[in-house]
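**Student:** This is the structure I want to talk about, given as structure tokens.
The values are calculated or read from the model by the stated rules, or taken from the named source; none is laboratory data. This structure is a prediction, so every number in the text was calculated from the model and none was measured. Virtual Cβ from ideal backbone geometry, glycine too; neighbours counted across all protein chains shown. We work out accessible area using only protein heavy atoms, side chains counted, and drop any ligands, DNA or RNA first. Shrake-Rupley method; radii C 1.70, N 1.55, O 1.52, S 1.80 Å.
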Amino acid sequence: MTYDDDNIFAKILREEIPSSRVYEDDDTLVFMDIMPRADGHCLVIPKTPCRNILDASEAQLAAVMRTAQKVARAVMVAFDATGVTVQQFNEADGGQEVFHLHFHILPRHADVSLRPPGKMGDMAAIQAHGDQIRGALGR
Ligand code: AMP
């Protein structure tokens, strides 16, 4: 399996399509998922190409996990969450739809189920949730 430079997250990295960015450093980018399964659902990706954990380098994995921890801690604060789910899929049969490595960060609350996948969110609400995460990261 080879990396496709035209996948949607590669286009987001090149700013060819818009995204609601909440954090970036030299190696990683975090932006809001447009079909959020929980308020504050965001995605952590490496800035360099790889499909998933099967072809990622140790450096890519380390960078992405460092950022995932930072953002997981931030969403706990931003949404007064009582838990956080970190989700990651590999290849189509593993549930992956976009073939650039990404980790889902999903703030969780007691007795609140994840919403079903594949449903477009309200962009104003997604923007507002991104602002909340940016605020918590800035504290
Ligand atoms: P998966 O590859 O199964 O982990 O799912 C890909 C995720 O990317 C889904 O949660 C989608 O809602 C999300 N997604 C797809 N296109 C975009 C986009 N343009 N901006 C933000 N998130 C996206």
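**Student:** Within the range 121-130, is even one residue touching a Cys at 6+ places or on another chain (Cβ under 9 Å), on the phi < 0 side of the Ramachandran plot and not small (Gly, Ala, Ser)?
**Tutor:** Checking the range 121-130: at least one residue is touching a Cys at 6+ places or on another chain (Cβ under 9 Å), on the phi < 0 side of the Ramachandran plot and not small (Gly, Ala, Ser).
**Student:** Those residues that are among the aliphatic types (A, V, I, L, M) and either assigned to a strand (DSSP E or B) or touching a residue at least 60 places away in the same chain (Cβ under 8 Å) (or both), I need them from the range 1-12; list them, please.
**Tutor:** The answer is Met1, Ile8, Ala10.
**Student:** Which ones in the range 90-125 are among the hydroxyl-bearing types (Ser, Thr, Tyr) and either touching a strand residue (DSSP E or B) at 6+ places or on another chain (Cβ under 9 Å) or within 9 Å of the ligand (Cβ to nearest atom) (or both)?
**Tutor:** None - no residue of the range 90-125 is among the hydroxyl-bearing types (Ser, Thr, Tyr) and either touching a strand residue (DSSP E or B) at 6+ places or on another chain (Cβ under 9 Å) or within 9 Å of the ligand (Cβ to nearest atom) (or both), so the list stays empty.
**Student:** Pick from Ala63, Ala72: which is touching an Asp or Glu at 6+ places or on another chain (Cβ under 8 Å), in contact (Cβ under 8 Å) with a residue 12 or more places away in the chain and among the small types (Gly, Ala, Ser)?
**Tutor:** Among Ala63, Ala72, only Ala63 is touching an Asp or Glu at 6+ places or on another chain (Cβ under 8 Å), in contact (Cβ under 8 Å) with a residue 12 or more places away in the chain and among the small types (Gly, Ala, Ser).
**Student:** Scan Glu97, Glu91, Glu58 and give me the residue that is open to solvent by 70 Å² or more (accessible area, probe 1.4 Å), among the acidic types (Asp, Glu) and within 21 Å of Asn7 (Cβ to Cβ).
**Tutor:** Selected residue: Glu97, the only one of Glu97, Glu91, Glu58 that is open to solvent by 70 Å² or more (accessible area, probe 1.4 Å), among the acidic types (Asp, Glu) and within 21 Å of Asn7 (Cβ to Cβ).
**Student:** Then there is this: Looking only at residues in the range 1-33 that are among the aliphatic types (A, V, I, L, M) and open to solvent by 80 Å² or more (accessible area, probe 1.4 Å), which one is farthest from Thr82 (Cα to Cα)?
**Tutor:** The qualifying residue farthest from Thr82 (Cα to Cα) is Met1.
**Student:** Further, regarding this structure: So Ser19 fits all but one of (1) without any contact (Cβ under 8 Å) to a residue 24 or more places away in the chain; (2) away from the ligand (no atom under 11 Å from the Cβ); what number is the exception?
**Tutor:** Here Ser19 meets the rest and fails (2).
**Student:** Could you tell me whether Thr67 is open to solvent by 50 Å² or more (accessible area, probe 1.4 Å) and either of a type in the set (Ser, Thr, Tyr) or modelled with pLDDT of 95 or more (or both)?
**Tutor:** So Thr67 fails the test.
**Student:** Name, by its number, the condition in (1) open to solvent by less than 40 Å² (accessible area, probe 1.4 Å); (2) at pLDDT below 95 that does not hold for Cys42.
**Tutor:** Cys42 satisfies all of (1) open to solvent by less than 40 Å² (accessible area, probe 1.4 Å); (2) at pLDDT below 95 except (2).
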